[in-house]
Each structure stands twice: as C-alpha cells, then as structure tokens.
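Derivation of every value follows stated rules applied to the coordinates shown; laboratory data play no part. None of these values were measured; they are calculated from a predicted model. Here the Cβ positions follow ideal geometry from the backbone for every residue, glycine too, while neighbour counts run over all protein chains shown.
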Amino acid sequence: MTFASLFRRSRPAYRSTARAPGPVERLAAIFQAVPAAPRLLLLPLAMVLVLAGIVHLVSVLAMPRLAQASAYQRLVPLAPVNTLVLLPDRGETVLPMTDPAFVSAVCRYDLRERPLKVRVPQTGDYTSVSFYTNRGLAFYALNDQAAGRVIELDLLSQAQRAALPEDEEITAADRLVVESPTTTGIVLIRAFARYGDVRDAVRKQLEAASCAATQ
Amino acid sequence: MRLVTLATTLAAAAAIGLGATYFAVTHSRGMDIVRLGAWQGWPRSGTTQADPYAVAAFARTGELPLELADGLLFLADSDSAGAPLDGRCDIRISGPLPQSRLWTLTLTDDKGALVPNEAERHGFTSAELVYEPDGSINVHLSPRARAGNWLPTGARGRLRVALRLYDAPFSFASGAQDDGQLPRIVTERCP
C-alpha cells in the first residue's frame, strides 16, 4: 500500500464524519425525537417565555411611573411645593432607610414657573444637599465641605438653564447652578447630629435653611 | 380550543413576568452590586446611572438612595461565614474601616425598620464609638447588655446592619480591593 492510496481512501471517510450537523438540523432532530403530544406544547411554551420576558421588562421600566408609595408621593401630603419641611424626628419614618443619626429636611420643588434657590446654613458638622427627580433618581449632591461654608445654589430646569444669558453665567461664577432633568423633584437636606443631645440644636439650625422660588 | 390556548399562554406569560418583577423589586436593590465580605453595596444606585432594577425597587419602597457624592451605603444580612444575622445570638462586628469623613452603623430588622429598645440605641456614629487602640472598631450586637460598644437586638429573629460612609473616596466604591476593607461580622454564640 502506497502512501498515496492510503491518503485517497481515507479522504472520503474523513469528509463524511467531519460534516457535523448544523444548529438548525440538530434542533430539528431534537424536535423529531420529542413525541407528538408534547411537541404541540413546545411552541406555546416558547411563546410564554418570550412574552413573560417582555412583561417583566415593561413592568420594571414602568414601576417608577406606577408606584403608589414612591418618595415623591409620600411627600405630597406632607410638604407643600417649594417649601422646606423638616421630617419628624421620632415615631413613624416618612421615608424608609433614612439614617437615624441625621436630621433631615425635604423640599418638593416645581420649576415650571421659576427657578429654585436653596440655602443651607452651616451646622458645625457634616451637612449635605441631595437632589432627586420625581421618580427618585439621584442627580446631584453637595456637602458643606465641598461647598465652602454655606451651601447656596440655584436649581434650574433645562429650559431655564438654556435661557440663562451667557455673560450672566460668567459674572455669577461663584454661584452654583444645578440643572434638573425634570421640572418636579425633591431636595433632601441632611445634617449630622454627632451625639443624641445635639439633635435639637441641629434641628434648630436646619430650620434656618431655605428653599424657595426665586423672585 | 385555539382561544383557550391563547388565553392560557397570555395569562401564564403575565403571571411569570409580573412574578419575576415582584421578586426583583422586593429582593434586590439593583444590578451593580459590590460585595465586600459580608457587606453589599450599590454605588451606582445613588447616581443618574442607576439601573432600572434599582430605580424600580426604590420607587416601590419610597426610599431616597444615598447620593454617591454624599455617601455610600453597605448592608449586611448575614455574617462573614454566610449565616443569617440572628438577633438571639451574640454577634461581633470588628475590624478597620475605610477612610471617610464620618460613618454611621445602624441596626435594623430585615425590613429596614429600627429595632425598638428602651435605651433608644439604634446604632453608632464615628463620633460616639469607643475605638480599639489600633483604630479599628469592635461592636457587639446582643439581646443582653454587654460591656463596650453594645447594640441591643431585642431578640429579633432576622437583623440587618447598615454601614454608611460619608464623604468616602470614590475608588473604594468600585470594589477593586479585596475584602478585609470592611469589618468582619462573626456570630459568636447562639442560645
């Protein structure tokens, strides 16, 4: 037997074994192997899974819109628009998972008519201001150390920010301007009460904070 | 017959889809989970890049997540060995804490509500705690009064510990470092 003949003979065999079934054929083979009655169930089952996936995605994305007890809705009966309200200290918590070591104040804002001015005095310890959209998405935060002494900033809607004159932006370089992605939302002001007994004093200091529409 | 199949298909799809959504919003706080030992953090949930699961979960509970520029929240439902935190046991939280301007440690039940107690003690702040000589913390959670940094558990079944680090460096949030960065939680004795 020559080397060439060996090669010739082996070649067709090699070809036939190497031709692996494609994914479609393999799937068809599995489908054929399933008895007729369960086969009828395969299509509805696949449909159920695909539809369930769509329902899941849509419901997750719609949740912020449909939720009945979101932070914004919880604050509607408690806080009038563009007014600072201190959250109750003890007893029932308005917003879940708030840090009990902090004194919190909220301001439900509406920028449809005018921009909002937020001013937070120094409390002598960690103080921060965070901004949330009406869907509860956090979009900006600032603490006392990053701001200098007193936190003072203007919250503008996208349209108000766009209408802001260029030169005014330059002259007011020391003024902090924050752009809100939505026209309504929540400002959360929090001040740290280092010890339990300074809580009332911190609360008094935070009462001096303001959150009001600009004139 | 066709109609019945269609109706069943749609009903099953709706049930599975909504069931999965319910499970997701009640059991998770978002997809960008960072695990450091027993602790779990969700650094991006407090930013505009929060994923839809985090946004949906917060919309349902009404929680305003901690802004990342403000602070970082870590939660622990189980000890470092993986056993759930049981309020009837003696639990020790010890080890060094990462750099931050201040931190608070809060004890809650598994729903996130403070554990009621006569002493009105719900946690420690970085200012109150008595530190170990090397600067690490050592906190005891126990139904019975203990010497040192003790938090009463009220003999509640399941507990959750929340650690909030304020003004912490951002690099820490990425979870690039190995664990040991956050304190270890050890269940020492169970009745």
Amide proton proximity set for A:Leu176, modelled H, under 5 Å, gap of 5+: A:Asp154
Acute angle (nearest 10 degrees) that the helix A:36-66 long axis makes with the longest principal axis of chain A, alpha-carbon atoms: 20 degrees
Amide H partners (placed H, <5 Å) of A:Ser157, local residues excluded: A:Ser180
Cβ-based net charge around A:Leu116, under 14 Å, with every Lys or Arg adding one and every Asp or Glu removing one: +2
Positive minus negative residues near B:Ala59 (Lys, Arg vs Asp, Glu; Cβ under 15 Å): +3
Net charge dipole size for the protein assembly as shown [Lys, Arg +1 and Asp, Glu -1 on Cβ; Debye, nearest 20]: 2240 debye
Highest-MSF residue in chain A out of A:Thr83, A:Thr93, A:Thr183 [GNM, Cα springs under 10 Å]: A:Thr93
Local net charge near B:Ser142, Cβ-Cβ under 13 Å (Lys/Arg +1, Asp/Glu -1): +4
For the stretch B:16-84: rounded, prolate or oblate by the Cα gyration tensor [a/c cutoff 1.5]: oblate
Global form of the stretch B:50-191, assessed from the alpha-carbon gyration tensor, a/c cut-off 1.5: oblate
Length-normalised contact order for the stretch B:74-188 - Cα pairs under 8 Å, 6+ apart - percent: 45 percent
Tensor-based shape of the stretch A:34-181 (alpha-carbon gyration tensor, a/c under 1.5 rounded, otherwise prolate or oblate): prolate
